[in-house]
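Novice: To start, I am sharing the structure in question, which I have written as structure tokens.
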Amino acid sequence: AEAAILRGQPGAALTLLGTDGDAEAWRLRAAAHAAQDDSAAALEALRRGMAADGRSYALVHDYATFLIASQDYSGASAALETLRRLGPQRLDTLMVAGALASATGKLDDAKRSFSAAADAFPARVEPLTALASLADMQGQIDAAIALVVRAAKISPTHHEVVDLTVQLASEKGDWETVRKTLVGQESTLDPRSANGMTYAEALLRLGHPEQARAIFAQALLLSPQNPYARMMLAEAQLAV
């Protein structure tokens, strides 16, 4: 079932799970429902899993993450306390603590949690990218870039590393870095995505307006109500 979810087949995953009622089955049902954009069913599955076994670390982690995304911060706080009892020094516990603190505006607490995770797990990129995002939120772009450079030494193709490299370079107006980072991904880039749009803008700023125009035109075709795509397409057309 988990493999089916990873292959993008949530319906098949639900069929495979059948009527299994243990915590792991409910966790996977929640993931399958989330993949189908059914948040209500995902939340119900997580709650039923918690009722079945509230000591499953993976389930509690997913529950806490879901509640943070749903802005149920009191519920997420309670789930985090359970995580701290089950695995106080685990990476996911520290990351959830940081994410909850960041979401509730406690940026110093978030930095402490993410820094602790970075120190305890030096081979993982997630704490570094979380610290970089936090620095970016606080307007410390150069500090954020330095953190992403550290993360890139660990895993240069990690999606969070790539996304932040592109985002921060665009904020600095470093369009050549944007181009170099994404140049091998043209065939898989969604033109409507943040990276797709930024890549097209980089091409425009670097003197390739025709290529930029083609990407913005495709983005507008796929998302006709996107004002940014419309504006940038017009700019690219003028440049052509």
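The values are calculated or read from the model by the stated rules, or taken from the named source; none is laboratory data. Small disclaimer: the values here were computed from a predicted structure and weren't measured. The accessibility values were calculated without ligands, DNA or RNA, using every heavy atom of the protein model including side chains. Shrake-Rupley method; radii C 1.70, N 1.55, O 1.52, S 1.80 Å.
Novice: Enumerate the whole-percent occupancy of each 5 Å bin, from 0 to the last occupied one, for all C-alpha pair distances of region 195-240.
Specialist: 6, 30, 37, 21, 6, 0
Novice: Convert 4 °C to kelvin, take the viscosity as 1.567 mPa s, use the Kirkwood radius over C-alpha pairs of region 131-240 as Rh, and evaluate the Stokes-Einstein diffusion coefficient in µm²/s, rounded to a whole number.
Specialist: D = 90 µm²/s.
Novice: Taking just the C-alpha trace of region 55-135, give me its Rg and Dmax in Å.
Specialist: Cα radius of gyration and Dmax of region 55-135 are 11.6, 34 Å respectively.
Novice: In whole Hz, with x marking every Gly and Pro, tabulate ³J(HN,Hα) for region 219-230 from phi via Karplus 6.51 cos²θ - 1.76 cosθ + 1.60, θ = phi - 60°.
Specialist: So the J values, rounded to whole Hz, are 4, 5, 5, 7, 9, x, 8, 7, x, 5, 4, 5.
Novice: When the scattering of region 9-65 is computed by the Debye formula from its Cα atoms alone, each counted once and equally, what is log10 I(q)/I(0) at q = 0.23 Å⁻¹?
Specialist: -0.80
Novice: Against the longest alpha carbon principal axis of the chain, how many degrees, from 0 to 90 and to the nearest 10, is the axis of helix 107-120 turned?
Specialist: 80 degrees
Novice: Per DSSP H run of n ≥ 4, the term is -39500 (n - 2.57); total these for the chain, divide by its residue number, and report the mean residue ellipticity at 222 nm rounded to 500 deg cm²/dmol.
Specialist: Here the helix-only value at 222 nm equals -23500 deg cm²/dmol.
Novice: Once you have the Cα-Cα distance between Ile141 and Met231, take 0.36 nm times their residue separation minus that, and quote the gain in nm to one decimal.
Specialist: Length gained between Ile141 and Met231: 29.8 nm.
Novice: Which sequence of Lys172, Lys153 reflects their accessible areas, 1.4 Å probe, from the largest down?
Specialist: These residues rank, largest area first, as Lys153, Lys172.
Novice: When every alpha-carbon pair in region 81-178 is counted, what percent end up more than 24 Å apart?
Specialist: 21 percent
Novice: So, how do all the Cα-to-Cα distances of the chain break down into 5 Å bins, in percent, from 0 on up?
Specialist: 1, 7, 11, 12, 13, 14, 15, 12, 8, 4, 2, 1, 0
Novice: Wrap a convex hull around the Cα atoms of region 96-141, take a quarter of its surface area, and give that in square nanometres.
Specialist: The orientation-averaged projected area of the Cα hull of region 96-141 comes to 2.9 nm².
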